[in-house]
Structure formats: C-alpha cells, structure tokens
1. So D212 fits all but one of (1) touching a Gly at 6+ places or on another chain (Cβ under 6 Å); (2) in a helix (DSSP H, G or I); what number is the exception?
2. Given V136, V110, which one is under 27 Å from L72 (Cα atoms) and within 16 Å of the ligand (Cβ to nearest atom)?
3. Just to be sure, is E84 in contact (Cβ under 8 Å) with a residue 40 or more places away in the chain, surrounded by 13 or more Cβ atoms within 10 Å (Cβ to Cβ), farther than 28 Å from W217 by Cβ and away from the ligand (no atom under 16 Å from the Cβ)?
4. Would you mention how many residues in the range 87-107 are within 16 Å of the ligand (Cβ to nearest atom) and not in a helix (DSSP H, G or I)?
5. Would you confirm whether any residue within the range 199-213 is under 20 Å from the mean Cα position of the chain (by Cα), at pLDDT 95 or above and over 17 Å from M167 (Cβ atoms)?
6. From the list G63, G27, G70, G55, which one is in contact with a strand residue (DSSP E or B) (Cβ under 9 Å, 6 or more places away or on another chain) and not basic (K, R)?
7. Surrounded by 15 or more Cβ atoms within 10 Å (Cβ to Cβ) and within 16 Å of the ligand (Cβ to nearest atom) - does that describe any residue in the range 118-133?
8. Please specify each residue of the range 167-191 satisfying the condition of being crowded, with 24+ Cβ neighbours inside 10 Å and assigned to a loop (DSSP other than H, G, I, E, B).
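The values are calculated or read from the model by the stated rules, or taken from the named source; none is laboratory data. None of these values were measured; they are calculated from a predicted model. Here the Cβ is made from the backbone with ideal geometry for all residues, glycine too, and neighbour counts use every protein chain on show.
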Amino acid sequence: MKNLSKQELYEVKSELEAKYNRYKSLGLKLDMSRGNPCKEQLDISEPMLSVLKTGEDCIDAFGFDCRNYGILDGIPEAKALFSELMNTASTDEIIIGGNSSLNMMYDNIVRAMIFGVYGGEQPWSKCDKIKFICPVPGYDRHFKICESLGIEMISVPLLPDGPDMDMVEKLVSEDESIKGMWCVPKYSNPSGVTYSNETVLRFAKLKPKAKDFRVFWDNAYSLHDISDRRDILLNVLEEAKKYGNGDMIYKFMSTSKVSFPGAGVAAMAASKNNINFIKKIMGVQTIGSDKLNQLRHVRYFKDAEGVREQMHRHAEIIKPRFAVLIYILEKEIPDVATWSNPNGGYFVSLTVPDGCAKRVVSLMKEAGVTMTPAGSTFPYGVDPKDNNIRIAPTNPPLAELQTAAEILCVCVRLAAVEKYLSEKE
Ligand SMILES: Cc1ncc(COP(=O)(O)O)c(C=O)c1O
C-alpha cells in the first residue's frame, strides 16, 4: 500500500472511510482491552465454590481449622502445591499470599523501600535515586507501580528470546541505583515471548553493582499454553543459586487465570534468606492470608496435575479466539502490520506503521471498540515509535471478537493510508 500513488491512496482512503462509517453506525460496544478470561473459563472452576460445605471440611490435612487466625505463609498443602507449580527446591522457599500476585510484587517493592532487602545495607528509599529496568513492550501495571513510587524506569528492548541481555548486563554492572528489573519470562505480556535458556542463564550469572538488586520474575503465564508447541522455561532461581545469585530472584505466580481472577491464590518463591527476611516484616502486616481459599484450591485441584488438566480446558476455550484473530489479521493487513502469534499467554501484540498506534486506538474507540490505550505497554505511557497495540482476545464472545478484529483491520489500514498520504504532501 505504501507504494501507491497519491491518487490511488485517496481512492483507498475513501473506500476505507465508507467501510469504517458503516461499522460506526452500528453503535457497537465491544472490548478488547484487558486480558480477562471469558465466562466459559470462569464457569470451569464453579465446583470449587462448593468444596467447603461444613466446618469439618475446613480442617486441613494437619488438623488446623482454616476458619481461624494463623499460618502467615500459607497452609502446608497449598505450599506443597505451589512448590510443585513453581519448581522450588523446598516448601521453605514459598510464601502463599492473597488473591493477587501484583499485590505481592507491590508489597515487595514497598517493603524494600521502607526496610531494604535481605543483605542490603539500607532501605531503597534512602538512596538518591532508584531505577528499574523495564523490558518493552511490557505489562502496564508493572510500570504504574514504578511510576507511582517515583522509581525511574529504563526501557530495554524485548527481543524474540528475551530482554536485550547485552544492555541489561551493562546497565546493572555499572549503575548502583538500578535496584530491580521486571520480567514476564514466559508468554510475556504483551509480546508472548518466552526467555530462551541462554537468556535465563545470563540472568542467573548477572553481576549487579547494587548488592540489593532484585529480579521480579513475574511468571504469570507459566501454565498458560494455548498451542501444542509449548514453550519451556528454565528455572531461574535454581540456576541463580549455582552462581551465588540465589538471593537476587523473586518469583511470582497466581491462579488468577487458572481459577478466578480476583479470587484466586497468589504465591512468591525466593531463597530461604529472602523468605525468612520477608516473613518477619509480613508478620506485622498480617496474621495470614485467606486459608479457606487456599484449601478450596487444594481440594479442588488436588495436585499440580489437576491444575495442568484444568489449563488444557482453558486452552480449548481460548484457542479459537486466538485463531480467529490471527486469521483476520493475516487476511486483512499483512502488508501494513506485523503481530505476534504466541504459543500461550493472553495477548497478541500488534505492530502498526510508526506513528499510527494512537490513531488506530482512537478510531477504534469512535467505532465503539475499547482497546488498551496506545503507549500503555511502555514506561510512562509513551511508546517512542507509537506503533504497538496490545490485543486481548480472550474475553469477548467469538462473534464479537470477529467483528472487533475486522474493525481493527479497517482502522489500521485507514491510519496507514492517512500516514502515507501525509508523507506525500
Ligand atoms: C504479567 C502479569 N502479571 C500479573 C498480572 C496480575 O496478576 P494477579 O491477578 O495475580 O495480581 C497480570 C494480569 O494480567 C499480568 O499480565
């Protein structure tokens, strides 16, 4: 399309505008903005709601009445389950939290600000500056945490095998104010990238100048394969231990997109040093998380295999949504955009011509389709090339998704034509 003459571009533009206006006149109200599971996915876990019916049901395997206060770091059965899911060496390396892993990440950063981290000399907040490395595009809520706490963000490109590790190694080895790094190592949000073995090993061997540097390994999509081509991720904590870096890694996961977002169970895994340090501070903050929910999860899933079986059912539900979206993108806009086709996770990352992402999202909004705001996959909400759009296809019903994807393609083409025309002015 780029090579069309000015006259041809005007003709294409008016055809696209006619199409766009037809969609606009339908008064649609569609949403492809957040990676929420759809209703069928939520329904899978419905039986979990009734596994605890009586007081007797609330007694755990060790005779503890989970209706009562106590057990700061999670009931042993939940620790065993998450230990298996997170591949930890022992259940002493796990803390079971509330429903949200994001909340655990936030708490870890705030705790580090106020008290420092295990082995650190002072609270992070005592430093003149605190910086985090942020692979981009990335998860908007990670960036918001940093922004709200005044942590400066340094963008590093996310390549097909993980963050640009040459840049990461150089940055962390030279700058003591870099205290942390965000990572979504498997089926990353939004690109769907999984870190290669080499990348994980380079993390394990990092030599940060700041002795209190921490990697926030947010493995939110560790179980979320949607294809038979499953990505495999190396266990960063065990690898880091081999190089004396065991205390550098905080791992996180939750069952938000396994059971219920908002009512799942979250967990963090880290070295015993870190866990003991954190538990001491946590013990002042809370007497413990929701043990009945932990018990519900344990009784419903039984073991890690039970969780994996459930993930197959999720995959069967969302696979057609990804397939429809990719099919429409391939049919409609192969000449103007590129996109990820991930083996798992919750997103498709769309790259439109430079300078067009905001325009596309605003055209979509006018046509009644809500997208994730352009720029939000970058620190401070600023995409320097203004070309990345995150598409979340899991939530809308299939027919709605199809319509939304078709409108998206019209908007991408229209924004591209506008750009090419303006370049010819
Ligand atoms: C990378 C990533 N981390 C964390 C979360 C939120 O997890 P939780 O529901 O456990 O707080 C999400 C949700 O979309 C996510 O994409």
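1. Failing condition for D212: (2).
2. Matching residue, one of V136, V110: V110.
3. No: the conditions fail for E84.
4. The total comes to 7.
5. no
6. G55
7. yes
8. Across the range 167-191, the qualifying residues are V184, P185, K186, Y187, S188, N189, P190, S191.
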